[in-house]
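I have placed the structure first, in the form of structure tokens, so that the comments after it can refer back to it.
The values are calculated or read from the model by the stated rules, or taken from the named source; none is laboratory data. Just so you know, these numbers come straight off a predicted model, no measurement behind them. All Cβ positions, even for glycine, are placed from backbone atoms using ideal geometry, and neighbour counts span all protein chains on display. Heads up: the accessible areas ignore ligands, DNA and RNA and are worked out on the full protein's heavy atoms, side chains in. Shrake-Rupley method; radii C 1.70, N 1.55, O 1.52, S 1.80 Å.
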There are 2 protein chains.
Amino acid sequence: MFKTLPLKDIQITDPFFTARIDTARKVTIPYMWDTLNDRVPGVAPSHCIENFEIAAGLKQGEFHGFWFQDTDLWKWIEGVAYSLATHPDAELEKTADEAIDLAGKAQQEDGYLDTYYIVKGLDKRFTNLRDHHEMYVAGHMFEAAVAYYEATGKRKLLDMACRVADCFDTNFGPEENKLHGYPGHQEIELGLAKLYRVTGEERYIRLAKYFLDVRGQQPHYYDAESIARGDKPSYWGQLRYPQAKYTYNQAHKPVREQKEANGHAVRQLYMLSGMADVGEMAGDPTLVEAADTVFRNIIHKQMYITGGVGSTHEGEAFSFDYDLPPERCYTETCASIALAMTASRLNRIQPDSCYGDTVERTLYNGILSGVSLDGTRYFYINPLEVWPDRCVRRQDMAVDPERMGWFGCACCPPNVLRTLTGLGNYIYASDGDSLLVDQYIASKVKTNACGQEIAFTMEANFPWCGSVKITMDSAAAFRLMLRKPWWANEYTLAINGERVEAVLEKGYLVLENAFAAGDVITLDMPMEVRFMSASLRSPNYAGKTALMRGPVVYCLEEKDNGQQLWNLSVKAGEAQVSHQDSLMGGVTTITCQGLRTEGESDLYTESVHAQQPQQLTFVPYYAWGNRGKGEMTVWVRRG
Amino acid sequence: MFKTLPLKDIQITDPFFTARIDTARKVTIPYMWDTLNDRVPGVAPSHCIENFEIAAGLKQGEFHGFWFQDTDLWKWIEGVAYSLATHPDAELEKTADEAIDLAGKAQQEDGYLDTYYIVKGLDKRFTNLRDHHEMYVAGHMFEAAVAYYEATGKRKLLDMACRVADCFDTNFGPEENKLHGYPGHQEIELGLAKLYRVTGEERYIRLAKYFLDVRGQQPHYYDAESIARGDKPSYWGQLRYPQAKYTYNQAHKPVREQKEANGHAVRQLYMLSGMADVGEMAGDPTLVEAADTVFRNIIHKQMYITGGVGSTHEGEAFSFDYDLPPERCYTETCASIALAMTASRLNRIQPDSCYGDTVERTLYNGILSGVSLDGTRYFYINPLEVWPDRCVRRQDMAVDPERMGWFGCACCPPNVLRTLTGLGNYIYASDGDSLLVDQYIASKVKTNACGQEIAFTMEANFPWCGSVKITMDSAAAFRLMLRKPWWANEYTLAINGERVEAVLEKGYLVLENAFAAGDVITLDMPMEVRFMSASLRSPNYAGKTALMRGPVVYCLEEKDNGQQLWNLSVKAGEAQVSHQDSLMGGVTTITCQGLRTEGESDLYTESVHAQQPQQLTFVPYYAWGNRGKGEMTVWVRRG
């Protein structure tokens, strides 16, 4: 079993990500704090802090916002905590402390803390687990509490979190006098696992396991709960697909019997993350196996090439195998983050490069596309094809053709924040004798791992260049496991300039060595332009290709290639690559020969349109939409 | 100004349509009567007749069904009337008479007749013109009344209709003491025009014109009406396209200022039909021009190749120019019928072959696809591409992959019925000196036109063969105008075997002749297989082709070509044609050389899939889905 290295032990120096993390620290953290306090002009008030003030009795008023509005604060604190772990900032810490103090005043005698029910009436709490989000809110609070404790050493929020957890433990569980319910939006499971990890309190991991064990059992808790409430049981999907009852919540059958991803994508993936954590910590491999089965269904059959997941906006959900329409996707930023979370957890249990490959795919594509280069605007949905007119003028489209400043349901922006400030969580992991390098994000490490102090410096210039250089800053003896990305068909591994062959173990290049201080390990992986195809089982990509280079997915934008991108085709096989320092923060672009079909005609015509050569310019997908509104497509016809 | 020939004067002998009309008469009429009377096992009760019984005070109970449920009866009577005009049937006429008697008992003192408000409370009538359908119901009643009067000579329903019209005339109009509203679902305009045509009552055409003149004026009646009702004004489309307010009802601006098709497709096209009728009868060419402008927008920019219209199920609506997704269309059967209705009306005012071309396109494709070959099952939506799994398993799809027995909102089945039994309305028209042949539907005609008796026999075998033979059954002197279809690039016209050149006037071949009895006019139009392209402005058809032969659009079905039709491409240019008498009631199929991309792979792969030759079999689009559930596509990649 591997653990991630503590955030404090990693200093990220990566040229690509440093700028983004700095933007997150300097722009996003204060901007988001202002939105939570309803003081950003032109942005609809969040009411998040106000709700806490009302719940704490410091202010009169009504609750506003979603029933999970509290999570905006908890995710902000988690993001702040990760930032403080590596970039101490007394003023920011004071702001966070004050927010924690405020929340503390709202916490009830028995530990309960959810401003929605505190303000609206505590008699209603725990009556609608299916649709409301009390456990989801708690889970995010636990994540924030653990992060803040680990970053600052301060216990206040951690103690508050334990009281919340105790409250759930008092009210839920297998005992007859307790409720036998479980969350409609999973998250508390992984939160309880984190709380268990730092407190060692067995009740927490037991409760998390209970929530997973009882999920989807018959008679169905959501049926009973809704009838008791005077509601009808939910039949999400009844109309077109009756079997879909409770698939939205992944509660259609017991979790160990679920073999395919279903329903709301973030719920699905937070659940898999929780199953991995709980399975590992509670020693139940059946939970890990079940999580891995669904994870593999996703990456092999339900994932977009960008690492986006969720093929339909109806329910923000998975649909079914190979149904991956590029224009009608949901591919929520949060879902890609949740996919990375699941992958990194499964990897710590049984390392396999497919997990790190997935994290890499999401990080450089479907997650990063969610935020503008300047860090102030966000996509909720990350489409792979955009015709702006269609987005705006069709009533049945959910896709926005441009990033927005904020959302009423503001889950994605703080989720990106905590991913960027907590990026160190995805790079390394270690167990008793091995250290994994999962992401080639340049950084300086000084840590205790494999029973010794290990210090090294990793230099890299991902995603533009596939050369990695690790310099040992002190002597150490351990197994160094370097992930060989799926795209690195060829690679050269060397120690101190001398080529070495390494065993390939589950996709990792393993070097079993006693390293001397100053030893240099280099891994060179040429990044070629790849013309990708999709499985023939997927209907939307027949005759089309998507360009990748290293981990980066490329796209065509109207800005570079003119309108009606659908009339372009690309000649696969020939491509020029050039790095443009001044373009969109510095990107490597690809140019190819292509053809444009041209000409005006009747709506339907017998005449065959002419084709003219056109040079096509591809830019990284994550950077699209930063130069004004326009068409975009990832998949292009082969010409 | 042309008029259609009376239905009674036309005996349809067409091999293609006779079978369908017979099915409509023998299967659909009795089946539909049974559904209206709630006695078809397995079909949800319609309550249509029961509502009339309750409204007439013959039965206790509540109103059930949609607020336009009455129209199921009126459309049934209209369809029956057309059938009786050519196929007298005493028993059927008795059934219809009894239904009319029943409805008569429900009619109120002041002429009002709408069972929804009679049962639910007359105090609420005329308070929600925008969403409810009182005027729509009346319009269909007027159409039924006129048809029944013309078929049987019986005045009872016609008199009832006049009393309904009088009631509207008493309550609506420009006078200060009247309501200044207009229908949320257009239809009364064309109904009033028909009533005017047979009664000569000027008030009816004045009222129809008023409804069109006042439409979309400011201050907006629907705003005022909804506020008076205590409702919010409707903002259909507010979310994504605020300009769309009241476009759903084509009430966003005055009708003469509307240049593009918008909103609910059937509403739009019933309105255009009404504008053509009223413009002509009330002598207002600006109405006709405005209707023609929108009609041309549709056929040049918003019509599917099948003659289907309505690009989105959200609002069953037009979306915008060139937005024609083949899988996400609405293309309601009723909308294609309404397009044919509009086209034939505009053609009678200023004959132009583009109108008859449109009628032909809808008749042989998008209308006929709406009903199964056995006449018992119906499509509401007529998609151009179907992957059944996606239809069933995606919550955001509206398309059914198979025809259904009936619908809760049962507008399409009776609309197909009245189109088939009233097919004679689309074939011919005449004015003082000319007779138009618009559709090459074989028939025997004996009529008074162009100031004389004209009798002839038209033989044809459309849509499989382009040869038409008209034999004069008596001498007559008139201008014979034969529509040259858009697809007939080549043609040979002859009289008594001798080739003649005819003037081409607005797409009609004009023969100015004194014909002798026994004269034979032949028009031969070779039907070649055409590989059609779509305008490059439309994004969904790049690199694809659709096959047509004569007026018929073809498609690939899974049944003939295997699964994953998206992996097939067709070699344009070579095609074999063969007529198969025993296939689906007799169809001409097309076979072409094509390629199938084959092979299993990862979801995303660098490898290029292999292609194998495959012979492709295309069947007429209208006949698809009659051999079990499976994939279908009209547009195929060019290989």
Original post:
How many residues does the stretch A:489-540 hold that are closer than 30 Å to B:Pro326 by Cβ and either away from chain B (no Cβ under 14 Å) or of a type in the set (A, V, I, L, M, F, W, C) (or both)?
Top reply: 4
Subject >> Residues being more than 9 Å from chain B (Cβ to nearest Cβ) and farther than 13 Å from A:Val399 by Cβ - total across the stretch A:310-320 >> reply: 1
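Give the residues of the stretch A:546-556 that are under 21 Å from B:Ala542 (Cα atoms) and either facing chain B (nearest Cβ under 9 Å) or open to solvent by 10 Å² or more (accessible area, probe 1.4 Å) (or both), sorted by residue number.
Of all residues in the stretch A:546-556, those under 21 Å from B:Ala542 (Cα atoms) come to A:546-547, A:554-556.
A:Ala546, the sole residue that qualifies.
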Subject >> Flag if A:Leu603 is in contact (Cβ under 8 Å) with a residue 24 or more places away in the chain, open to solvent by less than 80 Å² (accessible area, probe 1.4 Å), of a type outside the set (Val, Ile, Thr) and over 16 Å from A:Val636 (Cβ atoms) >> reply: no
Original post:
What residue, among those in the stretch B:623-639 that are within 14 Å of chain A (Cβ to nearest Cβ) and aliphatic (A, V, I, L, M), is nearest to B:Pro388 (Cα to Cα)?
Top reply: B:Met632
Original post:
Condition test on A:Tyr364, is it open to solvent by less than 30 Å² (accessible area, probe 1.4 Å), in contact with a Leu (Cβ under 6 Å, 6 or more places away or on another chain) and more than 14 Å from chain B (Cβ to nearest Cβ)?
Top reply: no
**OP:** Look through the stretch A:278-309, keep the residues that are within 19 Å of the chain's Cα centre (by Cα), open to solvent by less than 10 Å² (accessible area, probe 1.4 Å) and more than 15 Å from A:Arg361 (Cβ to Cβ), and return whichever of them is farthest from the other protein chains (Cβ to nearest Cβ).
**Re:** A:Ala291
Original post:
Looking at A:Asp560, A:Asp581, which is the one that is open to solvent by 20 Å² or more (accessible area, probe 1.4 Å), among the acidic types (Asp, Glu) and within 29 Å of the chain's Cα centre (by Cα)?
Top reply: A:Asp581
Original post:
Can you tell me which residues in the stretch A:49-67 are more than 18 Å from A:His140 (Cα to Cα) and open to solvent by 50 Å² or more (accessible area, probe 1.4 Å)?
Top reply: A:Glu53, A:Gly57, A:Leu58, A:Lys59, A:Gln60, A:Glu62, A:His64
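Residue-wise test of (1) at pLDDT 95 or above; (2) of a type in the set (D, E, K, R); (3) within 16 Å of the chain's Cα centre (by Cα).
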| position | (1), (2), (3) |
| --- | --- |
| A:Gly315 | no, no, no |
| A:Phe318 | yes, no, yes |
| A:Pro325 | yes, no, no |
| A:Leu346 | yes, no, yes |
Subject >> the stretch B:375-392 residues that are more than 19 Å from B:Leu324 (Cα to Cα), paired with ones that are surrounded by fewer than 23 Cβ atoms within 10 Å (Cβ to Cβ) and of a type in the set (Gly, Ala, Ser) (beta carbon under 7 Å, 6 or more apart) >> reply: B:Thr376/B:Gly405; B:Arg377/B:Gly405; B:Pro388/B:Gly630
Subject >> Residue ID - nearest to the chain's Cα centre (by Cα), chosen from residues in the stretch A:96-128 that are over 28 Å from A:Ser226 (Cβ atoms) and part of a loop (DSSP other than H, G, I, E, B) >> reply: A:Gln107
Original post:
Would you pick out the residues in the stretch A:390-447 that are modelled with pLDDT under 90, small (Gly, Ala, Ser) and under 19 Å from the mean Cα position of the chain (by Cα)?
Top reply: A:Ala410
Original post:
Do we find a residue being among the acidic types (Asp, Glu), touching a His at 6+ places or on another chain (Cβ under 6 Å) and within 14 Å of another protein chain (Cβ to nearest Cβ) anywhere in the stretch A:324-343?
Top reply: no
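If you check A:Gly497 against the conditions, is it in contact with a Lys or Arg (Cβ under 8 Å, 6 or more places away or on another chain), over 19 Å from A:Asn425 (Cα atoms) and of a type in the set (Gly, Ala, Ser)?
no
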Original post:
Do you know which residues across the stretch B:563-578 are within 27 Å of A:Gly639 (Cβ to Cβ) and either surrounded by fewer than 21 Cβ atoms within 10 Å (Cβ to Cβ) or not small (Gly, Ala, Ser) (or both)?
Top reply: B:Gln563, B:Gln564, B:Leu565, B:Trp566, B:Asn567, B:Leu568, B:Val570, B:Lys571, B:Ala572, B:Gly573, B:Glu574, B:Ala575
**OP:** Could you tell me which residue of the stretch B:32-90 is nearest to B:Ile188 (Cα to Cα), considering only residues that are in contact with a helix residue (DSSP H, G or I) (Cβ under 7 Å, 6 or more places away or on another chain) and of a type in the set (Val, Ile, Thr)?
**Re:** B:Thr71
**OP:** Could you check how many residues of the stretch B:1-48 are open to solvent by 10 Å² or more (accessible area, probe 1.4 Å), more than 30 Å from B:Gly356 (Cβ to Cβ) and not in a loop (DSSP other than H, G, I, E, B)?
**Re:** 4
Original post:
Looking at the stretch B:452-476, which of its residues are open to solvent by 10 Å² or more (accessible area, probe 1.4 Å) and either aromatic (Phe, Trp, Tyr) or within 18 Å of B:Arg348 (Cβ to Cβ) (or both)?
Top reply: B:Trp464
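Of the residues B:Arg155, B:Arg163, only one is over 27 Å from the mean Cα position of the chain (by Cα) and closer than 19 Å to B:Leu92 by Cα; which?
From the options B:Arg155, B:Arg163, the qualifying one is B:Arg155.
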Original post:
Which ones in the stretch B:424-440 are surrounded by 24 or more Cβ atoms within 10 Å (Cβ to Cβ) and closer than 21 Å to B:Leu84 by Cα?
Top reply: B:Gly424, B:Ile427, B:Tyr428
Original post:
Do we have B:Ala410 as farther than 22 Å from B:His87 by Cβ, within 14 Å of chain A (Cβ to nearest Cβ) and hydrophobic (A, V, I, L, M, F, W, C) here?
Top reply: no
**OP:** Only residues that are crowded, with 21+ Cβ neighbours inside 10 Å and within 16 Å of B:Leu420 (Cα to Cα): list them for the stretch B:75-97, please.
**Re:** B:Lys75, B:Trp76, B:Ile77, B:Glu78, B:Gly79, B:Val80, B:Ala81, B:Tyr82, B:Ser83, B:Leu84, B:Ala85
Original post:
Of the numbered conditions (1) within 20 Å of A:Glu606 (Cβ to Cβ); (2) not in a strand (DSSP E or B), B:Leu504 satisfies every one except a single condition; which is it?
Top reply: (2)
**OP:** Would you mind stating whether B:Glu260 is closer than 29 Å to B:Thr545 by Cβ, open to solvent by 10 Å² or more (accessible area, probe 1.4 Å) and touching a strand residue (DSSP E or B) at 6+ places or on another chain (Cβ under 6 Å)?
**Re:** no
Subject >> Residue satisfying all of: in the stretch B:214-228; touching a residue at least 12 places away in the same chain (Cβ under 8 Å) and open to solvent by 30 Å² or more (accessible area, probe 1.4 Å); farthest from the chain's Cα centre (by Cα) among these >> reply: B:Ala228
Subject >> Residues being within 30 Å of B:Arg530 (Cβ to Cβ) and either within 14 Å of chain B (Cβ to nearest Cβ) or more than 40 Å from the chain's Cα centre (by Cα) (or both) - total across the stretch A:584-622 >> reply: 20
